[in-house]
1. Grab the DSSP H runs of the chain that are 4 residues or longer, score each as -39,500 (n - 2.57), total them, divide by all residues and round the 222 nm result to the nearest 500 deg cm²/dmol.
2. For helix 401-420, report the angle its Cα long axis makes with the longest principal axis of the Cα atoms of the chain; keep it between 0 and 90° and round to the nearest 10°.
3. When only the heavy atoms of the protein chains count and the probe is 1.4 Å, how do 282, 462 rank by accessible area, highest first?
4. Determine the alpha carbon to alpha carbon distance for each of 99/407; 185/237; 99/353; 128/299; 73/128 and list only those over 20 Å.
5. In nm, to one decimal, how far is the modelled label at residue 415 from the one at residue 154, with both set 7 Å along Cα→Cβ?
6. Regarding segment 146-265, what are the three Cα extents along the principal axes, ordered largest first, in Å?
7. So how exposed is residue 207, as accessible area in Å² (1.4 Å probe, rounded to 10)?
8. Report the rotationally averaged projected area of segment 330-373 based on its alpha-carbon convex hull, in square nanometres.
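The values are calculated or read from the model by the stated rules, or taken from the named source; none is laboratory data. All of these numbers come straight from a predicted model, not from anything done at the bench. Cβ placement follows ideal geometry from the backbone for every residue including glycine, while neighbour counts extend to all protein chains displayed. Note: accessible area is taken over every heavy atom of the protein model, side chains too, but ligands, DNA and RNA are not part of it. Shrake-Rupley method; radii C 1.70, N 1.55, O 1.52, S 1.80 Å.
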Amino acid sequence: MQHRIFTLADQIAFAELSGDNNPLHLDPVVARRTLFGQPIVHGVHSLMWALDQWLAGHSESVRLQHLQVAFSKPIGLDQEVRFNLVSAAKNRVRINLLKQDEIVVRMMFEWSVGWSIPVEAVSPTAPKQSPPDFLNRETIQSCTGFLDLHWQPELARRLFPNLSQRFCPVQSASLLGMTRLVGVKCPGLHSIFSELKLTAGNTGDLEKIRYAVSEYDERYGLALLAVVAPGLNGNIKAFLRPQPQVQSSFLDQKKLVQAGTFAGQRALIVGGSRGLGEVAAKLLAAGGAQVQLTYHVGKTEAQMVVDEILAGGGLASLCELDVLRPQPDWSGLAAPTHLYYFASPLISASDKKFSAVLFNSFCNYFVNGFAGVVESLQRLGLRHVFYPSTVFLDEMPGNFVEYALAKRAGETLCQAFRQKYPGMVFYCPRLPKMATDQTASLHPVQNPDPAPIILDALLNFKNSIGAE
């Protein structure tokens, strides 16, 4: 069973070969604002790697007669993927790609010997790199067009040595065109490649990929694209994924908070560059607190939040922090009176089997990282800690067990800290699911604007301090 870890360098090389330069696959800062929370591997990249692995055992030249592939789960960078040849009866092959024993790609194809498709239609040059198109639910329904075919032999040999020698180059170029179609043209910028079905057939003298949206389900953002390439025709299922969640502005949040409500607080918001941390930072600053935002990756985003607060008359600054470091560096930090801990990894669901790896990744942030921050700041005089928990502890949804258990461990740690540090206040509200990048999905959440809910929690925190 072969295995592979895709790196950012691999993704950049594949983007050069295919022309699919969607930032979902290449830009860690942009990708973290998607529902995946990180860059993910092009689906067609994983497909072509699987074909390359299969072709390592073949000496003859082959072409596809039928292909059906489903990209059921995302593959993140630096995650191990394993190749599993399920069956190979005559000219019919089934392959699964697995990540931690979970199937992430399923494919079935039928093949025959020989190429038989003229290669003149394929350009040996690199496809033009152009920014992905921005489509919405109105413009996507009339999307149609053509794409040229490209196949750079030298780069292809480096990425896919077996496929470049023994697989029909026109079909290889067509597969590359399919990922460029989804990632750049339709749905474009906010796309998810879900399924691909292709069948060999007579397509006349067509020398390009022809595509058109044949159906669009607005409920799920699901587009069905009819595609025709030289010697191939079929369809693609792709989602128009949710755009990054934009939180309400500082000026809008000032309307919710009475002036001076949080005056006197030197508030450190860990994870304040986006999501609920961004909302809390704006609300606290709107109420007169002096806020300090931390960031780990998104410095530009954090600076934008700080600039927005300053422009609106608030007090804000930022500092870099990796909560996974054993000893956080607080040099240059004004000793905070209040800590608001919103640091979080990607909140992902598990399948039926409990995942110790996923549980540990949550604990690294919600328990270990939190403990390190509190212990180090306590020595600087910290006395008040806001630790947001989740209603999932009450509801315990089956596919978020690891997340809920890690949050429960964080609550238990807060109880232990109360005993260890009697003069400190730890507040752990169980917050409902709200609209953030982390909760973005193909279905809307019940609380589209988190600001009122977060404000209530902040006020309750303040009141709990006054009651002690």
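1. -9000 deg cm²/dmol
2. 20 degrees
3. Working: 282 5, 462 85 Å².
Putting 282, 462 in descending order of accessible area: 462, 282.
4. Beyond 20 Å between Cα atoms: 99/407; 128/299; 73/128.
5. Each label point lies 7 Å from its Cα, and together they span 6.5 nm.
6. Each principal axis gives a Cα extent; for segment 146-265 these are 72, 36, 19 Å.
7. Here the residue's solvent-accessible area equals roughly 110 Å².
8. Values: hull surface 16.1 nm².
Projected area, direction-averaged: 4.0 nm².
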